Structure formats: C-alpha cells, structure tokens
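What follows is calculated from the coordinates using simple rules that are stated; it is not laboratory data. Worth saying up front: this structure is predicted, and the values here are computed from it rather than measured. Here Cβ is always computed from backbone atoms with ideal geometry, including for glycine, and neighbour counts include all displayed protein chains.
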Amino acid sequence: MFWLRSGAGRSAPAQQPASYLQVVAHPDDDLFFLNPAVQQAISSGCPVTAVYLTASEADGRNAPQSQPDRAAVPVDFAGYAAARQNGIRAAYAQMALGNRRAAWSRVARVLTGGVPVEVATLVDAPTVRLVFFNLRTQDGVGDEPPRWLSALWEGRLPALPALLPTGSPLESVGAYDREQLLAALTALLGEVQPTVVRLLDPDPDHKTYDAASGRIAYSDHLTHTASAYFALEAVRRHAQAGGQPVLRESFRGYYNRHWPRNLGPEAFAAKKALLDIYGGVPRDCGDPVGCGDYQVGDQGHVPGYGQSTHARYPGSVSWLLRQADGRLAAFAVLGDRAAVWRETRPGGGTWRGPDLIDEGGLVPHLYALAGTDGRTHLFGVRQVLDLTRQGHRRVLVTAVQSAAGGPFGPWTELGNPADGAADAEVRRLEMGMPVAAVGADGRVRVFVRNFGRGVSSRVQTGPDSWGPWHDLGGSVVQEGLTVTTAADGRIELFAGTDRAVLHWRQASADGPFERPVTLAVPAPAGPPTVLAEPGGRLLLVFREAQSGRVFALRQRAGGGWPVSPASLDGSGGFGPVAAVAVARDPGATVLVKRDDTGATSLSWQPVGRGVSTTWSTAGVLFVGSPSVAVDAGGRVVAAVVGVDGRLWTARQRRAGSGTQFGDWTATGAERRRA
C-alpha cells in the first residue's frame, strides 16, 4: 500500500494490487527509455520483473569509447555481458533500497521451451526480480548469418545462440529458436501474472527514406524493435491461454533525441544518477570484469535520448464523456480490446464495468466522441503483427453505438492514409493515433498523423460511409494531435512539431481546411490539448520542454494568438494534460496531468482572471493519460486507468466547490461483454 497526499481536500490510501513485467532488449534500455516509470513502480511497492533478452556483449570491450587505447583492450564478450548485468543490478538495488551494493540471490532456471535463464532477486526487496536470457547479438563472422534478434523474429535465422556471462549461475547455454523464446516468455507471463507489461517501440519512425530505391533507415535499434514484437506476441498468447488481459505501455527509444526533451531537471537528474551507477561509477565493486557498463560510464546524458520518456502511444485525453442520458462513460483498451465503464445513474458516483467490446488487436489508444444524435463514436488503431516488418499493418477503426446509450456495433475499418501507395507496406506502419470532431454539418471528421509527418483526414459521408483521405499538409508533426469545434462551428486542429505548434482550421463552417499556420510559441514537449472555454475562446495547453511545466495559450478576443504562453507551473511529469471547461463555477477550466510522482496533479484555472499556479497532487499510478469531465450534477470528475486495470475516479464534492474533491475510488476489474 502507498499513499499520495493531496494539497486540497483528502486523499485516501491508494491500494493497487498491481504488478509489472517489462521486456527490453538490453540492460540499460529500461533506464534510458522507461524511467522514471520504473522507479515509480518500485517505489509504489508493486512487484517488478525486468526481462533482458540479449547478453548485449557488443564488441566485448568494457572501456569508454573515448579511451585512446581502447583498441588494445582485450575482447571479453562473457566478461562485458557480466559487467553490464553488474551495473543493472546495482541500479535496481539503488531504486529499491537506496543501496547499490545490496545483495542479490542469483539462480539458474529453465523456462518452458527449454530456455535457461538467470533470475536475480533482490534479497531485501524480493518483489524486484531481473531475468536474463543472454541471447547473443553480434553480427555474423565470415559466412555466418547475422546474429540479430530481428533475424530470429523474421525467420532469417533458425536459432539464436546464447552467451554464458562470466560468473553466471547457469551451467550451460545453447541456441534457441523463435518458438522456444516465445514459449519461455509466455510462460513467464503466466507465472508473473502482470497487470502492466512494458516494452519498447514496435513501430519506430523512419529517419531517412528513399522511395526510389526502397532504402529506409529507422530511428531505433533493430533489436529494440524485435524485442517489442516478441513481447507483444507473448502477451497475445498469454491472453489466448486464458490469462488476465494486461495493460500495455510502449516507450520510444533512440528517436527521443529528435523531439523536445520532456523531463524536468529533477526527474532527469534522478535518471542520470541511476545511469551513472549502471555505468560503473565509481569502480569499486571488486569484480575484475567491471562494476558496470564503462562504455556508458558517467556519460549517459551525452546521446540525448535519456532526457525524455515518450510513450509510443501517449493516449487520448478524450475518453471520459457524458452520454445522452446524462451518465458518464469511460473507455480504455484492456489487453487489446476496448472496454467501457458507465455510471449506474447520472451523477450518482457509482460505476458498472468494465464491459468489453467485441474484437481485439487494438493498440492502447481510444478517442471517444459524442455525435449530434447522442451516439458515442470510438476511434482506435488495430495493429497486425507479421513475421516480416513489411507485413505489419496499422488500420484505423471505428465503432459506434447502435442507439444513444445502447451497445456498440462492430468495428469498421477506415484504412490508412498510405492505402493505395506503391510502398504502402512501409508507409502504413507510421500512421498516428486518431482524434475526431463533429463539424457544423453534424458530420464526423477523423485526423491522424501520416508517414510524411503531416496530417491526413477523412470525413463521414453517411451512416456507414466515409470520404477519401485528404492530406492537410504539415511537417515534422509529433505524435499526439488535439482538435475541437469552435463556437462558430469551425473545426480547429493543433499539433506540436520539433520547433513550434501548427494550427489548422476550416476556412468556414463545413468548409475545407486552410493550410496550417505556425504559432510562434515554444515547441511543446509532448501532445498539446485544446478546448473551448466558457465565452467561446480557445485555450491551448502544453508542456514546456526541459521542465515539464504546463504552459497555457489563451486565444485573443479577436481570434488571434499571443506569442508568449503563460506558465502554470506544476510539478513536472510527462504526457498530455486533460482539460474541461466548467461553465457553472463560473468560468473555470480544470486541468489534470501526470506529475513527477507518476500520479495526478489538478489545477483550477479561472477564465478571464489571470492564471493559477496552484496544483493539488493525489491519486494512483496509472497508464495512458488522464481524462476529466463534468457530470450531470455539474461536478467535475477526474479519471485514470490505474496500473491495476481498474477505473479510478475523484469527484468534486459539490458543484462550485473548486478544488475540494473526494477520495480517489476504484471500480473493480471484472470484465463482461459490452
């Protein structure tokens, strides 16, 4: 049990029967790309099992890349693999116990499929375990095939040999094929029974692409990507075998260096301190193979990708909304299926659910939208894995209620902006996550990021028909769009780039979209959020790079935008900020975000009376993004999907009571068909 106290009102002890399993390629992937999420999970007291698929022996030289005589350092693959494991054990001991020298129990085990692994358990914190598969990652020598995890996944390599690290409790290792590795991972999932599985990016952005030759260079390590494929397939098999559906979180890898940095100075300082420990600083462990990864040493900040923690699917903040009958409904992806929780009566404070919607394959992102007829429209992305990267697909899908408040119909595929292109198998992989809005004509329009890192859109032309894809332009768009319908009926769309914010709007209500214009504001460190405030003006909210602080940009009365956003402060964190307008307060906007503790912070912003820099902190650890809505009684309700798979909500004590909220409470995780 752990407690997160609130600066306003009370917060009950938050008990989350959760557990984590994270599958990465190399020791240090979790430190570079997942943290501070790993530290938050360990600090919560929840069990954490980290799986490392490769031995990560690299060139076998445990010495800094800058060392002048590095070429003279003897090659010792087994020793370098052991040194990296020394470093990751020390970092986890520091996270769990504040003592990097804490003792570990190290044992050999043979998993299903005949795969031997080393399991290291922290003696004084036995809920922390590290599992080493030790698969080799070196290129082929001479006529040998390449020893890549990606080649094993694609079938270009029949089996991948393992390496026996120096000092390992393993007696021997062999070579293992794709099915053996998947069987071992699936068995591990069955043993751990995690509520959350964390992995790397299964669909990294391209870095360069020559359409004429077909040559493409991706922004991430091929082994990172392959580790994500193995993890996703194991999760699918675990569910097929009757395992409880898990929440999935994917994290970007090397491409972090290309976006504005999204961690504040305190969060990154804590992250770097752990990277230094992993890097063997100081070198005083007494092990001749090394105390850590000296190629990292104290230079973990130099590559530039550790300064951020970007979720591959940042999640929508539009998944809690009031339905036509006045009840709030909340939507999320549990496992790979959409689920819905509903209030039992409007504004009543009790919930039913989750009820599962038929068909799976969804990535963890849902966008919910109320149509003009009161029916709820859901938008998501179905991901199809294949043995070859070219066989992977992403398809935009939508499901609509049969009637207001009724059950959802089947998922309808809306395709991909790359459909019809000669190189569609390449371009389809980078379709982004959908957002949607209703125009003045009552038709729904959906928007996604496309392969060219601009925006593409489709418009509904009938109950079951959609128009063609239209490219709305834009470039260097970050993942995470935001859209709203303004008071004059025009749809307005925003996206962050690496340098600024792009703004699209319809030329007139129901008219075509104008080319995007650039707002001269700092580039956001993640997805922005826009909403129409009481009075009709738009408010754009986003995080400042390198601080995690929340910035607000309020539209001028005449429709223009100021150059300098207002700082609302906030205690760091990463990911989108949820927002809702409260007309009865009167004229307020409520913001909810993840802070540096991994829980939620809430701010009450007056409209037309300056800004507030006060944030109250409370809540539980959660996945995806928070959401916030106003219930039938005019009370603000904040919501998250906890790492235990349950819906957690906090409700304003009474309408107009400002930041006085009740305790965070949970709805059970039992699942039914919607």
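The listed peptides 527-534, 84-91, 497-504, ordered by packing as a protection proxy, come out as 84-91, 527-534, 497-504 (highest mean of other Cβ atoms within 10 Å first). Along the Cα→Cβ direction, 7 angstrom out, place labels at Asp464 and Asp177. What is the inter-label distance in nm? Placing both labels 7 Å along Cα→Cβ, they lie 4.4 nm apart. Annotation: cysteines of the chain without a disulfide-compatible partner (Cβ-Cβ under 4.7 angstrom) are Cys46. Along its three principal directions, the equivalent ellipsoid of the chain from the Cα gyration tensor extends over semi-axes of 41, 27, 24 Å, largest first. Once C-alpha pairs closer than 8 Å and six or more residues apart are averaged by separation and normalised to the residue number of the range 20-278, the relative contact order reads 22 percent.
Assuming R0 = 35 Å, can you tell me the calculated FRET efficiency for the pair Val123 and Ala241, based on Cβ-Cβ distance, to the nearest 0.05? So, using R0 = 35 Å, E works out to roughly 0.65.
Hey, how many Å between the Cα centroid of the range 396-468 and the Cα centroid of the range 208-245? Measuring centre to centre over Cα atoms gives 23 Å. Spread over its residues, the convex hull of the C-alpha atoms of the range 20-278 is 157 Å³ per residue. Only the Cβ atoms of Lys and Arg (+1) and of Asp and Glu (-1) were treated as charged; on that basis the dipole of the chain about its Cα centre amounts to roughly 1940 debye. When both the range 514-573 and the range 16-85 are represented by their alpha-carbon centers, they are found 37 Å apart. Packing here is the average count of other Cβ atoms within 10 Å per residue, and on that basis the peptides 660-666, 543-549, highest first, run 543-549, 660-666. Taking the average, over residues, of other Cβ atoms within 10 Å as the packing measure, peptides 333-341, 638-646 rank 638-646, 333-341 from highest down. For Lys593, a cut-off of 30 angstrom between C-alpha atoms picks up these lysines, skipping any fewer than 8 places away in its own chain: Lys271, Lys272. A simple charge model with +1 on the Cβ of Lys and Arg, -1 on the Cβ of Asp and Glu and nothing else charged puts the dipole of the range 20-278 at about 520 debye relative to its Cα centre.
3J(HN,Hα) along the range 363-374: 7, x, 8, 9, 10, 10, 9, 8, x, 5, 8, x Hz, from the Karplus curve 6.51 cos²θ - 1.76 cosθ + 1.60 with θ = phi - 60°, whole Hz, x for Gly and Pro. Beta-bridge orientation, the chain: approximately 85 percent antiparallel, per DSSP, counting only bridges with both partners inside. Modelled spin-label separation between Ser567 and His258, with each label point placed 7 Å from Cα along the Cα-to-Cβ direction: 3.0 nm.
The range 247-282 and the range 149-165 have Cα centres separated by 28 Å.
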